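The values are calculated or read from the model by the stated rules, or taken from the named source; none is laboratory data. Values in this document were obtained by computation on a predicted structure and should not be read as measured data. All Cβ positions, even for glycine, are placed from backbone atoms using ideal geometry, and neighbour counts span all protein chains on display. SASA here: full protein model, heavy atoms, side chains in, ligands and nucleic acids out. Shrake-Rupley method; radii C 1.70, N 1.55, O 1.52, S 1.80 Å.
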Amino acid sequence: MLETGLPGLLIILALAVILCGPAPFVQGWRWLRRRAQEMVRSVRSKSLQEE
C-alpha cells in the first residue's frame with residue numbers, strides 16, 4: 001500500500017458517504033459479510049468431505 005494511498009482513500013470514502021448517504025455502504029457491507037460467510041461454509045464443507 002502506498003504511504004499517501006490510504007489517507008486519500010479514506011477522504012474519498014468519506015466524501016462518498018456524505019454525497020450518497022450511508023445506505024449503499026451498509027447494504028454493500030451486509031452483502032460482503034454474506035459472501036464471506038458463504039465462502040467460509042464452502043471451505044469448511046470441502047475440508048470435511050476430504051476427511
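Overview of results
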{"read-out": "Only one of L9, L19 that is surrounded by 10 or more Cβ atoms within 10 Å (Cβ to Cβ), in a helix (DSSP H, G or I) and not hydroxyl-bearing (S, T, Y)", "value": "L9"}
{"read-out": "Close pairs from the range 25-41: first in a helix (DSSP H, G or I), partner not small (G, A, S), Cβ under 7 Å, at least 6 apart", "value": "F25/V17"}
{"read-out": "Qualifying residue in the range 32-50 (condition: aliphatic (A, V, I, L, M) and open to solvent by 100 Å² or more (accessible area, probe 1.4 Å))", "value": "yes"}
